[in-house]
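Just so it is clear, none of the values below were taken in a lab; they were calculated from the coordinates. Computed from a prediction, not measured in an experiment: that's the story for all the values here. Because the Cβ atoms are built from the backbone with ideal geometry, glycine has one as well, and the counts that use them run over all protein chains shown.
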Amino acid sequence: MASLNKGSELPLVLYRNTGRNVEKVLPKVQTQTPIGYKSVEVTTQQNGATLSGTCFQPLNDDKSVAVLIISGSGPTDRDGNSPLLPGKSNTLLQLADSLAHYGIASLRYDKRVIGKSKPPPGTSEADMTLNDIAADARRDVRLAEDGSVIKPFYHRS
């Protein structure tokens with residue numbers, strides 16, 4: 001059964017057409033997903049804010065490519081979930097997972113007042129500006145450049 005966002009279930013049945021006949025394909029059920037990457041929780045400070053994120057680093061990484069994933073508008077967390085929408089979609093988590101399986105590292109983080117991230121003392125979500133969000137993204141690019149969180153992903157000439 002495939003579970004949908006609102007909790008309802010939909011039976012998923014796949015068929016393979018071999019050219020001679022059509023066979024029902026039974027999905028392989030795994031109790032533990034083999035992953036070819038390590039997941040590292042990251043916490044940093046930026047102008048009094050505590051920012052938390054997750055880095056997926058492929059095990060066979062050759063330091064060639066990485067992606068900074070910035071969550072969308074509103075109270076969207078690093079995994080792509082919002083308390084304003086029913087259920088969990090985990091779109092950004094799935095994106096990072098897929099990238100890692102293709103050998104691409106990623107860093108995604110909770111914005112200042114979302115998830116495990118905290119705003120500077122005495123401030124709230126209403127105080128957060130686009131400049132703050134841009135500064136946080138620049139900070140994560142610097143983390144990638146210096147190799148302290150994920151390996152560098154581009155070269156400045």
FRET efficiency for D127 and K88, Cβ-Cβ distance as r, R0 = 35 Å, nearest 0.05? 0.80
Sorted by Cβ neighbour density within 10 Å, fewest at the top, the residues K24, K118, K88, K111: K24, K88, K118, K111
How do S117, S89 line up, fewest other C-beta atoms within 10 Å first? S89, S117
Hey, fewest Cβ within 10 Å first, where do L68, L130, L85, L59 land in order? L130, L59, L85, L68
Kirkwood Rh over alpha-carbon pairs of region 37-146 plugged into Stokes-Einstein at 37 °C, 0.692 mPa s gives a D in µm²/s of 229 µm²/s
Over region 37-146, calculate the relative contact order: mean separation of alpha carbon pairs under 8 Å at least 6 apart, over the residue count, as a percent. 30 percent
